[in-house]
Amino acid sequence: MAVNPLPEKVVNFNVYNEGEKLVGITGEVTLPNLEAMTETINGAGIAGEFESPTPGHFGSITIEIPFRVILDKSFKMMVPGGQTITLRASQQSYDVAGGALEHRGLKITLKVIPKNLNLGTLGIGTPTNTTNALEVLYMKIEEGGKTLLELDKINFIYVVNGVDVLKNIRDQI
């Protein structure tokens, strides 16, 4: 029986805004949470109720990018209009059979609009932990060159592991 590599961790990452590397980001970025839009289904012949997800439809999707201190980069991200944020990471796995470490590239491309700027706190000898919250309109996640997910809210596209979930619906409407 073949043993798959054991996924371990993110070795390191960088964040880019419109291609410019963002320096001063803290050690973590809160990635988007995809929560499907649902409708409660109940009625005659149904024992109770359940939440029925609408394919490819998600509530508000937010990414938070925290900076150690207040920087001009936070304010550039607050300029109204669309921006492209790219996160690039190296993920590490352990090859159990070969006894070696493996590294895979992870790329997350987001098209965002500004939503919130939390300036954080001001204290002696401490970071402000300034945080930008951005509304995600488009997201593409690639690992090792393979597209795992592509979501484009504006253009009605939702592709997961190569499956175009909304294709039949687009064709019908």
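Odds and ends about this structure:
- Along segment 156-173 the Karplus relation, 6.51 cos²θ - 1.76 cosθ + 1.60 evaluated at θ = phi - 60°, assigns HN-Hα couplings of 6, 10, 8, 10, 10, 6, x, 9, 7, 4, 9, 4, 4, 5, 4, 5, 7, 9 Hz to successive residues, with x for each Gly and Pro.
- Here the Debye sum runs over all C-alpha atoms of segment 43-133 as equal scatterers in vacuum, and log10 of I(q)/I(0) at q = 0.23, 0.25 Å⁻¹ comes out as -1.15, -1.24.
- Cα-Cα P(r), segment 1-50, percent of pairs per 10 Å interval: 14, 23, 18, 20, 19, 5
- The 3J(HN,Hα) values that the Karplus relation (6.51, -1.76, 1.60; θ = phi - 60°) gives for segment 45-58 are, in residue order, x, 9, 7, x, 8, 8, 8, 9, x, 8, x, x, 10, 10 Hz. Gly and Pro appear as x.
- Here percent of Cα pairs over 30 Å apart was calculated from the structure, and among (1) 12; (2) 43; (3) 35 it sits at label (3).
- Estimated inter-spin distance, Glu28 and Thr84, nm [label 7 Å along Cα→Cβ]: 3.0 nm
- Residues with amide H under 5 Å from that of Leu117, placed H, sequence gap 5 or more: Ala133
- Projected label points at Leu122 and Asp72, each 7 Å from Cα along the beta carbon direction, are separated by 2.0 nanometres.
- Among the listed pairs Lys9/Lys115; Lys21/Lys73; Lys73/Lys146; Lys115/Lys146; Lys115/Lys167; Lys21/Lys153, those whose Cα-Cα separation exceeds 20 Å are Lys9/Lys115; Lys73/Lys146; Lys115/Lys146; Lys115/Lys167; Lys21/Lys153.
- The residues of segment 123-172 expose on average 55 square angstrom of accessible surface per residue, using a 1.4 Å probe on protein heavy atoms.
- Carbon/sulfur fraction of accessible area - the chain, other protein chains in place, 1.4 Å, %: 55 percent
- Close amide H pairs (under 5 Å, H built 1.01 Å from N) link Met37 with Thr54, His57, Phe58, Gly59, residues at least 5 positions away or on another chain.
- Looking at segment 3-70, the GluC sites (Glu not before Pro) that sit in a DSSP loop and have at most 14 other Cβ atoms within 10 Å of their own Cβ are Glu18, Glu28, Glu35.
- Karplus (6.51, -1.76, 1.60) ³J(HN,Hα), θ = phi - 60°, over segment 127-137, in Hz, Gly and Pro reported as x: x, 7, 6, 5, 10, 9, 10, 10, 7, 8, 9
- With contacts taken as Cα pairs under 8 Å and at least 6 residues apart, the chain reaches a relative contact order of 21 percent.
- Dipole magnitude for the chain: computed about the Cα centre from +1 point charges on Lys and Arg Cβ and -1 point charges on Asp and Glu Cβ, it is near 540 debye.
- Springs between Cα atoms under 10 Å define the GNM used for the chain, and in it the highest mean-square fluctuation of Ile85, Ile124, Ile61 occurs at Ile124.
The values are calculated or read from the model by the stated rules, or taken from the named source; none is laboratory data. Note that the structure is a prediction, hence the values are computed from the model and not measured. Note that each Cβ is placed from the backbone with ideal geometry, even for glycine, and that neighbours are counted across all protein chains shown. For accessibility, only protein heavy atoms count, side chains too; no ligands or nucleic acids. Shrake-Rupley method; radii C 1.70, N 1.55, O 1.52, S 1.80 Å.
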